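Colleague: Before we start, here is the structure in question, set down as structure tokens.
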Amino acid sequence: GEIQNGIGKFGKPITVGSFKEFANAEYPNLVNVIDKVAVDLEFAPAKKEKELSPLEELQEQLKQKDAELIEQKNDFLREKADLENFRKRLIKDKADAVQFANERLLKELVQIGDNLDRALSAPNTTLETLKEGVEMIQKQFNTFLKSQKVEAIEAMGKPFDPSLHEVMTQLESEEHDENTVIQEYSKGFTLNGRILRSAKVVTSKKPAKETPKQEESVESEK
């Protein structure tokens, strides 16, 4: 292509080709000189950067440390936010677990209450049929307790155990050993082997010994 605004020796536009021909003809060594200059420029050592003073070097190091601290602070804040979100999620999951567990328990208790309502509202109910209905509900309730790992404490006829029994009163008895459970006010229960409620009981004690009566001698007055 033509070199814009370039006018040759004879008033003609200069082209790349005509320039090369002219250079080779008039200045045979020009191309070699140009090539050498290009090589020298290519391999010439880069211009040294301005050397920093000790104070400038220290300031540069401080800038780098500030940048590192800012990055570490941002990382810490992100990790802190993640940890806080994780803690909130754990609290919510725990609350949901308790709520859902209570819902399941209450649903089973409501079903037992339904059976009790039906037993009480049944027409032409006799004492015998009412007793049968209550026994059925009691059986259902005991099955429910067993499903929840709740077991009744056997107390009747057992020696008193303060870890299982709560004494309401004592009665004299010649038929039982001392401190034997002879009555049960309310059953005790365990949950997974731990005491859920102590049994309220009556225990036996030895009868009090009778004090022999002293014979009174009566002097007859003569």
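Computed from the coordinates by the stated procedures, all read-outs in this text should not be read as laboratory data. Computed from a prediction, not measured in an experiment: that's the story for all the values here.
Colleague: Would you work out the relative contact order for region 114-187, in percent, from Cα pairs under 8 angstrom that are 6 or more residues apart? Before the final figure, lay out each step's value.
Modeller: Values: 32 pairs, mean separation 20.7, N = 74.
Dividing the mean separation by the residue count of region 114-187 yields 28 percent.
Colleague: Also, quick follow-up: What ratio of Cα Rg to 2.2 N^0.38 Å holds for region 93-222? Show your work: numbers first, answer last.
Modeller: Details: Rg = 24.9 Å, N = 130, 2.2 N^0.38 = 14.0 Å.
Against the compact-globule rule of thumb, the ratio is 1.78.
Colleague: In addition: For Cα pairs less than 8 Å apart in space and 6+ apart in sequence, what is the mean separation divided by the residue count of region 152-205, i.e. the relative contact order in percent? Provide the component values of the computation, followed by the final result.
Modeller: Values: 119 pairs, mean separation 25.1, N = 54.
Over region 152-205, the number comes to 46 percent.
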